[in-house]
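Some notes on the structure that comes next.
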Number of protein chains: 2
Amino acid sequence: GTGTDNDLYINQAIVFIEDAIQYRSINHRVDSRSLGLYRWYYSRACQWILSLTITVILALAFIEKPSSLTITSDVRYRLPAWDPPCGLTESIELLCLLVFVVDVSVKSYLIGWEEFWKNKWLMAYILTLIVSLTDWIVSLSFFCMETVRIRRILRPFFLLQNSSMMKKTLKSINSTLPEMASVLLLLAVHLSLFTMFAMLLFARTKDGQQDKEWMRYFRNLPDSLTSLLVLLTTANNPDVMIPAYSKNRAYSIFFILFTVLGNLFLMNLLTAIIYNQFRGYLLKSVQSSLFRRRLGIRAAFEVLSSLKETPANAQQSYVSAGALQQVLQKAEMDSRCKQAIMRSLEMCSCDQLSAAQFQKLFEELDKDAIKQHPPSPGYQSHFMQKMQFAFGHPYFGYLGNVVALANIISICVVLVIDADKQPSERDDFFLGAINCFFILYYLLEMLLKILAMGLKRYLSYPSNRFDGLLTVILLVLEIATFAVYGFPHPGWRPELMGLLSLWDMVRLVNMLIVFRFLRIIPNMKFMALVVTTLLDLVKNLRAFAGILVVVFYAFAITGIMLFKGAVVPLGNTSNTSSRLIFCPLRVHLDLLLDEVVVLHSRELPILWLSLVTFRLMFFYCLLYLLSVNLICRWAKIYFVAWWLISSVIWVNLFVALLLENFIHKWDRRCHRASLSDVEYQRTVELMFRDVLEEPTEEELMEKLHQHPHLHLCR
Amino acid sequence: GTGTDNDLYINQAIVFIEDAIQYRSINHRVDSRSLGLYRWYYSRACQWILSLTITVILALAFIEKPSSLTITSDVRYRLPAWDPPCGLTESIELLCLLVFVVDVSVKSYLIGWEEFWKNKWLMAYILTLIVSLTDWIVSLSFFCMETVRIRRILRPFFLLQNSSMMKKTLKSINSTLPEMASVLLLLAVHLSLFTMFAMLLFARTKDGQQDKEWMRYFRNLPDSLTSLLVLLTTANNPDVMIPAYSKNRAYSIFFILFTVLGNLFLMNLLTAIIYNQFRGYLLKSVQSSLFRRRLGIRAAFEVLSSLKETPANAQQSYVSAGALQQVLQKAEMDSRCKQAIMRSLEMCSCDQLSAAQFQKLFEELDKDAIKQHPPSPGYQSHFMQKMQFAFGHPYFGYLGNVVALANIISICVVLVIDADKQPSERDDFFLGAINCFFILYYLLEMLLKILAMGLKRYLSYPSNRFDGLLTVILLVLEIATFAVYGFPHPGWRPELMGLLSLWDMVRLVNMLIVFRFLRIIPNMKFMALVVTTLLDLVKNLRAFAGILVVVFYAFAITGIMLFKGAVVPLGNTSNTSSRLIFCPLRVHLDLLLDEVVVLHSRELPILWLSLVTFRLMFFYCLLYLLSVNLICRWAKIYFVAWWLISSVIWVNLFVALLLENFIHKWDRRCHRASLSDVEYQRTVELMFRDVLEEPTEEELMEKLHQHPHLHLCR
């Protein structure tokens, strides 16, 4: 019947508009039951459950068997980590996998059979699930005693496939790979030619005294290659050239040539290439989002125009305002937008909407929310008005900054004075007293500002919220201190009472005060620009960060599997320790031990930090010299791969994105310095609005006619 | 009389055209005598003498008293450097300074009194000369025993003021300083806030075992600041966080936050800012060069049009072709350009030239010289023609590359096999035999190519010149080897005869073969692009490199003055050595000693390489911990300054220029891939030709009327 048809059309329009809002693809089934399933699948609850499942399955690694989630990282001191019984983590894992099975079935059903075969991501998803479930069964049948668990390395895939942004970014990175591979090839040629040169140059001589360089760095091909590879990362610079250099200064030419070509030219060329490839990346991605939005709205228009109540019009199709209102009421969207669209629909006061009018109504979605601060309270009394003027004035804020600076300086002075004192000699009176005074000032400042601006207006500024929150915390801490330890007096050094010692309390207060000093940021123009750029960057980098997490997770799990039991802490086995101790090359010995130990127990922060310097690789080369065994060879390959992916490629991607963001922002700042008073809630889309191209009607209609499930009459 | 006037005008035109060719300013005196002086001053001989003088005065530092120009850098082994008698270097210096006095007088006279007062560079030049001469007199009156020599630090100024490119670049860097200063301020704020945080976080505890982190890195304010500053350069990462991290994993958050904010964000922001500022730099500089050229040509036109022989024309001024020919014959310029202009002047066959025609004639100067290779010889015999086809074919070149690769691989294999052998066990037969074979092949290849292409055509390709030269050198070396040591046979291990041992000869041959392998570069498309980008970059970087040399020289001289006698080699004084040996922190002890020693004796290559890693600073901090004295404080400040200028600012400038060059080149490559067969002799000007704006007639005339010495009638 027409009633059912009409209901279907309305439902379709609702879903299409929701797709447009969320920048989703509209290529899904559009019959009534599927639409219900679709709305259920994309409901907040369902998506939240999916995210939670992904988080849980990724977090499992922290409590699974070769886990190291203890407070200290030092194997000598730390307690054994909690060892969950066999079946506990496995059953959680099964639960997660079952959720994924449901997810993949719903997704596959919704996009339809034909589309399914074209979608490589879904196929890979199903394959991953099958492998994971098989591995899970194998694992349980061995009673959790098996050594290799493939499914752990596959886990980050679930994170990857759930985010369209990450998939898009991966595609983009993929297209840069040929150029990157060229530079990496060039780098490899550079490295191998110089290695041969080095081996010929620093050959073994008959005089044993003269060949220090050969001994230490160029003993054979793998050593030479490693030395120069590490030089490329500058980790062993200038150590590697010292022996040769002290023999003859001319040898420095070799190392300088290598560094200039490899480090200054080729490495920076990689930055240039990646920047060049990514220059249009953000714009392209925003452009395709815009297209999806326009397409969703157009699809909604088309299905609404097929409603039976609309008068047949040969030339143009129209949508009745009533139908649109009905759709809007049922669609889930930001209430501010919904109201704005409703209002302009009423103001338009036309009964029939053309496609252009329809599209125009929804432009509200693209607009920035201009943030309006609530007004200050209007006081009657003349005195109060003067107070309001004085404490609402920016100068009062500046005074607050000056006081905060004075506080910082006073803390700094006390720190410098107390630096060499024994803890028992320390007197907390001075710091206690001045902090007490400053915190009282902060409280007063907050209260006066609230008085002048009213609570609502005060809270509408983020800097005030930051300020106020810290002031309240500081006040609570201070009151707690006084309650436990009494008021400060000379020689104020009471013993520990309660949770924290007085010294810790004072330190905490000081740290919060240092942190509170960040409130000066919005007052400095350049700083504010930098901070907003950084915040924008963080938004744009989410996809990149996600991919980094994926790579990171895979690397960490591989590392655990490769190096499990490779290194035993000092004192446990005499073999390893003696080998380490009686080696002639024991530079940085305890550090080396520490690092080996931490690697063994999968120390993510250190691995991450080593991203920047490649130093772990250097230490592994030392270890390699110490004990030539298979595991260390693996370690070398593992770290070179890690260095290439994280340090070389990821850091360069980051630089490229930063350049892109910053240059765009900088240009904008110069163009519209006058508008800077208005606070916008900026999104990436808005940043590029001036450059974006609106899709044409033909493009939209062509795409609509290619829809696999929606069959438009015309 | 008119004849004298005419001569003057002709001379003026000649000088203006020479100015245009050399992109010089035309704002100089234009009377007859001054023009003679001007042409003499800018003659090749004069400019060569000036450059030589600058080189000599800069090179003096290598033989002056605290000199270290010995083969080895190790103070324990090296012989004392040559100590020139007092007065030798000083008299050379005086000679140089007198040349500079002449230079500055001529320059000042030529630009005229009024212009002189506006020219700050000239004033600074005179001031530098006065200070240098005064210092020279003081030095001689102390019989060269004075400790501080200011004039040495001032020397690089002579290099700076002689290059207009460097002055322009310096101005450009200067305009970037405010933005850079903002980021550096931000960096300083970041550093100081985190230092305070660190001092509060890693405070001394009552339990002595627990505060390793405090002990090693955060003992007091200077130490904390240094630790974090070095962390910013990643030189002590992740060492600095190990003690805290092994106490509690959560401490890593502090270090990760610091690294992410400081290293990933702020440091890269500096790159972004410098890139943003320098994006237009090259274009602007090329644009102003173009303006100078057009201005010079226009000035020549204007003076020639005032010649009495020209018929008076109220509307437009004209220049007779005869006068232009006269000027062209006397002007010094590239003979190819001169001929081309003469030819087009004849082809034009007009007696009177308008300004536009005149300007158009000189456009030949801007054109690229399209390189034409001489034709191959035409052979009569059918067999020779077939030979020519076969050996002139690119595949023959590829075969040569394959053979060169095979040679490289064979050398590599021998190196790997011989790596662990004692020098006495080595047998040179195998390498000798295969190298003999390969060199014969290279000779044959060269001869066949010459046969196919003819000698002239063969030599017109740079890759062939490179190839041929190396082949000839290899042949000479091989013949010399056989002449001295006989033909290779198994067990070929003769003793040393003549200059080089057989082993050294073989090594040299091998190195040359590895070097010859670079001939593959033009055959790989991407490699060729990269190499041409690098060559372009080197051209554009000359000014930057000059400024780096200036800064470098000043730093090196300051370093010598500050650290003279600061460190005494091991064994000479028991005091220093014992202090170093009995220190609890003696990590990398001999390395540290080496470095102290090398710094003491001003080791430029190490200082240069430390640019990239900042490691010297790290070692100096260690030294600082070892022996707290004033000199080490100076060392710290000195190295931080060096790091900021060379590593942070210069490297970022380099990256910015590389990005600019590469992106421009890449775009061009994509646009005109079809034209890539034609070899251009590329200049920076040509790279930007499509984007350059021609100056308008009004701009040129306005500038001409502002000329301080030339008074045009109209």
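The values are calculated or read from the model by the stated rules, or taken from the named source; none is laboratory data. Only a predicted model underlies this, so the values are computations on that prediction, with no experimental measurement involved. FYI the Cβ positions are ideal-geometry reconstructions off the backbone, even for glycines, and counts take in every protein chain you see. The protein model used for the area step is the full one, side chains on, heavy atoms only, and it has no ligands, DNA or RNA in it. Shrake-Rupley method; radii C 1.70, N 1.55, O 1.52, S 1.80 Å.
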Check on B:L231, at pLDDT 85 or above, within 30 Å of B:V550 (Cα to Cα) and in contact with a helix residue (DSSP H, G or I) (Cβ under 7 Å, 6 or more places away or on another chain) = no
Could you tell me whether any residue of the stretch A:223-231 is open to solvent by less than 10 Å² (accessible area, probe 1.4 Å) and within 7 Å of chain B (Cβ to nearest Cβ)?
-> no
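Here is a yes/no grid of residues against (1) open to solvent by 30 Å² or more (accessible area, probe 1.4 Å); (2) under 36 Å from the mean Cα position of the chain (by Cα):
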site: A:F358; (1), (2): no, no
site: A:E363; (1), (2): yes, yes
site: A:D366; (1), (2): yes, yes
site: A:Q385; (1), (2): yes, no
site: A:Y395; (1), (2): yes, no
site: A:A404; (1), (2): no, yes
site: A:I408; (1), (2): no, yes
site: A:I411; (1), (2): no, yes
site: A:I417; (1), (2): yes, no
Among the candidates B:K118, B:K107, single out the residue that is at pLDDT 90 or above and under 20 Å from B:V30 (Cα atoms).
-> B:K107
Among the residues of the stretch B:374-383, which ones are in contact with a Lys or Arg (Cβ under 7 Å, 6 or more places away or on another chain) and surrounded by 14 or more Cβ atoms within 10 Å (Cβ to Cβ)?
-> B:S376
Going through the stretch A:100-156 in order, the residues found to be within 30 Å of A:G559 (Cβ to Cβ) and of a type in the set (G, A, S) are A:A124, A:S132, A:S139, A:S141
Among the residues of the stretch B:214-222, is any over 30 Å from A:M527 (Cβ atoms), within 11 Å of chain A (Cβ to nearest Cβ) and either open to solvent by less than 50 Å² (accessible area, probe 1.4 Å) or of a type in the set (G, A, S) (or both)?
-> yes
Those residues that are free of Cβ contacts under 8 Å to residues at least 40 places away in the same chain, in a helix (DSSP H, G or I) and surrounded by 12 or more Cβ atoms within 10 Å (Cβ to Cβ), I need them from the stretch A:33-49; list them, please.
-> A:L35, A:G36, A:R39, A:C46, A:Q47
Within the stretch B:124-158, count every residue that is among the hydroxyl-bearing types (S, T, Y), open to solvent by 20 Å² or more (accessible area, probe 1.4 Å) and touching a helix residue (DSSP H, G or I) at 6+ places or on another chain (Cβ under 9 Å).
-> 2
Say whether the condition of being within 11 Å of chain B (Cβ to nearest Cβ) and open to solvent by 40 Å² or more (accessible area, probe 1.4 Å) is met by at least one residue in the stretch A:159-178.
-> yes
Residues in the stretch B:438-481 that are surrounded by fewer than 13 Cβ atoms within 10 Å (Cβ to Cβ), within 21 Å of B:S501 (Cα to Cα) and at pLDDT below 90 total 1
Tell me, yes or no, whether the stretch A:539-554 has at least one residue that is within 8 Å of another protein chain (Cβ to nearest Cβ), open to solvent by less than 20 Å² (accessible area, probe 1.4 Å) and part of a helix (DSSP H, G or I).
-> no
For the stretch A:435-462, which residues satisfy the criterion of being outside any helix (DSSP H, G or I) and in contact with a Phe, Trp or Tyr (Cβ under 7 Å, 6 or more places away or on another chain)?
-> none
Give me the pairs, please: first residue somewhere in the stretch B:379-393 and within 15 Å of B:Y458 (Cα to Cα) and at pLDDT below 85, second residue anywhere and open to solvent by less than 100 Å² (accessible area, probe 1.4 Å) and outside any helix (DSSP H, G or I), beta-carbon distance under 7 Å, and either six or more positions apart or on two chains.
-> B:G392/B:S376
Going through the stretch A:185-195 in order, the residues found to be open to solvent by 10 Å² or more (accessible area, probe 1.4 Å) and within 11 Å of chain B (Cβ to nearest Cβ) are A:L185, A:L186, A:L187, A:V189, A:H190, A:S192, A:L193, A:F194
Looking only at the stretch B:277-289, and only at residues there that are open to solvent by less than 20 Å² (accessible area, probe 1.4 Å) and not aromatic (F, W, Y), the one that is farthest from the other protein chains (Cβ to nearest Cβ) = B:S289
Among the residues of the stretch B:251-270, the number that are open to solvent by 10 Å² or more (accessible area, probe 1.4 Å) and facing chain A (nearest Cβ under 7 Å) is 5
Using the structure shown, decide if B:A244 is facing chain A (nearest Cβ under 9 Å), open to solvent by less than 30 Å² (accessible area, probe 1.4 Å) and of a type in the set (G, A, S).
-> no
